[in-house]
Amino acid sequence: MKFGCGENWPWVFLDSSAGSPCLSEFFSSSSGPRAILTRKVNSDVDLFKDERDKSTRAELKGAVSVRESGVDLRRVPRHVAVIMDGNRRYGKAKYGNATRGHWDGSKTLIEFAKWCIAEGVQVLTVYAFSTENWDRDPSEVSALMSIFCKYCDELRVEAIKQGIQIHVLSTDDTRIPQEVMSGINQMVMETKRCNKFTMNICLSYGGRGEITNACRLIAKDVKEGNLDIDGVDEQALERRMLTGHCCDPDIIIRTSGEERLSNFLLWQAAYSEFFFLKKQWPELQKDDLIGVIRTYARGRKRRYGK
């Protein structure tokens with residue numbers, strides 16, 4: 001058997017005389033071409049893996065760099081809550097029609113959620129319709145419910161695309177029209193497996209009502225023997241709140257220049273930082289959120305009473 005090489009591959013001549021080495025033995029040896037080729041392939045794989053890892057790290061670094069706030073991700077608020085105020089005033093001023101302001105406000109919500117995701121926020125809770133809002137003019141309430149019906153379908157599609165899991169928080173759902181409830185149920189059901197971001201929509205919601213309902217649940221559990229009276233503490237109440245699936249808001253934003261909570265997340269707001277913006281909700285831009293995040297990260301110190 002004789003060896004040589006041509007181009008990039010080894011060539012072999014076999015001697016047919018007795019006692020010549022077997023071809024299979026040669027190819028299976030540690031110095032044979034199979035071993036050489038295997039080492040070459042493994043080397044290329046390792047090189048490719050190293051380049052791939054470098055590429056992945058570069059992509060991840062680039063993804064982080066597109067966060068416009070420039071805030072360390074550890075300092076970005078995990079949970080942002082918003083009182084979306086000023087839709088009516090905006091609609092009347094721009095269109096002479098309050099209802100159109102509400103529709104523009106619903107579009108701003110989708111954009112705001114995208115901005116939050118881009119900045120690393122994990123949870124967004126918005127005040128869409130309070131229990132007190134039922135006392136508004138019936139024609140306005142009817143128009144709002146009609147918007148909710150249409151908006152549920154639009155938001156559902158966008159939420160699935162963006163990986164947003166939606167929860168609708170209501171302290172009195174008996175007054176919500178059936179067609180709206182159907183849209184809500186479909187939206188919640190079809191986004192329940194999304195895990196990139198959480199959005200809580202407070203609809204027919206009141207903070208006092210939420211606390212009252214949680215107290216009722218505790219009283220019922222004590223009465224039925226499922227909870228000892230000594231087990232009634234803040235954690236027991238918190239577990240029965242509508243926001244039990246997420247942390248309390250780090251930030252609460254209210255638009256339109258008003259500076260009050262208006263019965264929004266009264267329990268959860270104990271240590272939230274407040275930001276009151278002069279703009280109406282539909283006028284909000286990404287720069288407004290960026291400014292809030294920067295101020296929160298660099299200028300606010302949360303001491304929790306310490």
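None of the figures in this text is laboratory data; all of them are computed from the coordinates on show. Just so you know, these numbers come straight off a predicted model, no measurement behind them. Reconstructed Cβ throughout: ideal geometry from the backbone, glycine too, with neighbour counts over all protein chains shown.
Descriptive notes on the structure:
- Convex hull volume of the Cα atoms of segment 96-218, normalised per residue: 120 Å³.
- For segment 176-306, the alpha carbon convex hull comes to 173 Å³ per residue, rounded to a whole number.
- Packing around the peptides 175-182, 161-168, taken as the average count of other Cβ atoms within 10 Å per residue, puts them in this order, highest first: 161-168, 175-182.
- Overall form of segment 58-149 per C-alpha gyration tensor (a/c, 1.5; a/b vs b/c): prolate
- Order by protection proxy (mean Cβ within 10 Å, highest first), peptides 87-94, 208-215: 87-94, 208-215
- Cross-link check: pairs K94/K114; K92/K196; K223/K301; K220/K278; K92/K301 evaluated at a Cα-Cα cut-off of 32 Å; pairs beyond the cut-off: K92/K196; K223/K301; K220/K278; K92/K301.
- In terms of packing, defined here as the mean over residues of other Cβ atoms within 10 angstrom, the peptides 225-234, 243-252, 132-141 line up highest first as 243-252, 132-141, 225-234.
- Loop trypsin sites (Lys or Arg not before Pro), segment 221-261, which have at most 14 other Cβ atoms in a 10 Å radius of their Cβ (DSSP): R260
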